[in-house]
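Here's the structure, in C-alpha cells; my notes come after.
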C-alpha cells in the first residue's frame, strides 16, 4: 500500500511539473501566435473569423455613407494582400497589381460574400502552414513581413468590428462592447 501511495505521489508530481513546463518561445511560435490571433484564436482583440461571423451578403456591403469601406471591401483587401505575401513567400508570381490600393477594396462583389470569407480563411490558414513548415533561415528572412501582416490584419479587423458596430450587426459579447 505504501508503494502504491509513493508511485501515485510521484505520478502526480510528474504530471504537475509537466503541466507547468511551457514550451520555449521561438520565432516560429511567436509568428504563429500572431497569425492565429488575427485569424481564428481569441486573444487581446477580435480575430477575423469572429469579426465576419454571421454577417449576411447584404450587411457585408453596407457603408456609412461617409467614405468608409464596407466589411466586404475590407475583407477583400485582406484577401488580396495576404495572397500577395503568400505568393512572394512561396516564390510564386503574385496576382497582377497596378499600384492602386483602392482597387483592392473596390473590387468586392457582395454576391461573392461567402466565397470571399472562405478565401480569407484559406489564405490565413496557408500562411500559418507556411510558417509551421518553414526552415529557420526562411522564418528569419520572412519574420519582419509576417509581423507586419499580423499588424495589418489586426488593423483592418478592428475596422470591420467598427463598421459592424456602426451598422448595428455586432454582438458585443464577441469581444468589443
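Rule-based calculations on the coordinates, nothing more; no lab input. Values in this document were obtained by computation on a predicted structure and should not be read as measured data.
Restricting to Cα atoms and excluding each atom paired with itself, what does the Kirkwood estimate give for the range 90-177 in Å?
About 15.8 Å for the range 90-177.
Please give the helix 113-133 orientation as an angle from the longest Cα principal axis of the chain, in degrees from 0 to 90, rounded to the nearest 10.
With rounding to tens, the tilt is 40 degrees.
Considering Cα pairs under 8 angstrom that are at least six residues apart, work out the relative contact order of the chain and quote it in whole percent.
In percent, rounded to a whole number, it is 33.
With axes computed from alpha carbons, what is the tilt in degrees of helix 2-20 against the longest principal axis of the chain, rounded to the nearest 10 within 0 to 90?
So the inclination is approximately 30 degrees.
Please report Rg over Rh for the chain, where both radii come from the alpha carbon positions and Rh follows the Kirkwood definition.
1.14
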